[in-house]
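The values are calculated or read from the model by the stated rules, or taken from the named source; none is laboratory data. Owing to the predicted nature of the structure, the values given are computational and were not obtained by experimental measurement. FYI the Cβ positions are ideal-geometry reconstructions off the backbone, even for glycines, and counts take in every protein chain you see.
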Amino acid sequence: MKDLRALLIDCRIELRKLARDFQKSELCERLDLAIQQASNATLPPPPGETAIEATHAPPSEKAQTVSQVALAWQTAARDLKFSDPAIHARLGEKVMRLLGAKTLADPANEILQLEGMVKAAEARIAELEKAIKSQEVERDALLGALAQAAPKLKDGGDRLAVGLARVAWLKTEAGKADNGAAPARRAPEPQDTVPTPDLLQAAAAGAATLSKEQREWCVGEAMVVTGFQFTPVELIEKGDAAMARLILEARKGG
């Protein structure tokens, strides 16, 4: 049977050389079937069955051996050599690289490794989320303490900016208390026409409101620092916070 199988394979090779598109013909299919039958006939019969039954009965899917699978791949690769030489060459190069590496990884092991990496990443993400929540709790507690320490400054849209304004106000009040100039605590809203830097910071954060005189001064100052790009009406429409930010940004740039 081995000699017959080898003869059939040689015949198929020679016919492919002579006939174009031989692999698409019915004769090629018949030769492939005959080669497969000859290969199955050379295998030992399963236990409890006679050699004649093993020859005539086709093997079931569960009875496929490693040799049969390897033979099927060999046959498919040989067919590919004639039908698509480029793909066959690329496949051969990859096989040689794998054999040269001598580390053929089992796909099942790769899947297990990837699952382990995913679990580790999920655990890391859970730790980061826990740390973020802890920081948020600490931030809220700190901002709440600042709100209690400086209740005269109202809350604005930007909680962090309001908190910084409250810190600046507390520092100013602490300095006044040390110097004995102003023992009574009050909000940073002086009655002077020109607002202080602390008041501008608080107004920019939305934590303080300018008086009429201070607003008029800020309108003129904002017109000057912006090069008269806005009219007084436009600046008033923008609001105290916008005018205060324009003045502070101009002072930083200067």
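Considering the stretch 169-193, and only residues there that are modelled with pLDDT of 70 or more and more than 51 Å from the chain's Cα centre (by Cα), the residue that is farthest from residue 153 (Cα to Cα) turns out to be 193. Mind checking whether some residue in the stretch 217-224 is small (Gly, Ala, Ser), out of contact with any Gly (no Cβ under 6 Å at 6 or more places or on another chain) and assigned to a helix (DSSP H, G or I)? Yes, the conditions are met somewhere in the stretch 217-224. Here residue 123 meets each of (1) among the small types (Gly, Ala, Ser); (2) in a loop (DSSP other than H, G, I, E, B); (3) at pLDDT 80 or above with one exception, condition (2). Pairs please, first residue from the stretch 14-37 and closer than 15 Å to residue 82 by Cα and modelled with pLDDT under 80, second anywhere and of a type in the set (Lys, Arg) and surrounded by 13 or more Cβ atoms within 10 Å (Cβ to Cβ), Cβ atoms under 7 Å, 6+ apart in sequence or on different chains. As it stands, the answer is 22/16; 23/16; 28/12, since those pairs meet every condition given. Of all the residues in the stretch 194-214, those that are surrounded by fewer than 18 Cβ atoms within 10 Å (Cβ to Cβ), part of a helix (DSSP H, G or I) and either over 47 Å from the mean Cα position of the chain (by Cα) or among the hydrophobic types (A, V, I, L, M, F, W, C) (or both) number 2. Scanning the stretch 118-150 for residues that are surrounded by 10 or more Cβ atoms within 10 Å (Cβ to Cβ) and within 17 Å of residue 168 (Cα to Cα) turns up 142, 143, 144, 145, 146, 147, 149, 150.
Of all residues in the stretch 67-77, those being farther than 15 Å from residue 33 by Cα and surrounded by 14 or more Cβ atoms within 10 Å (Cβ to Cβ) number 1.
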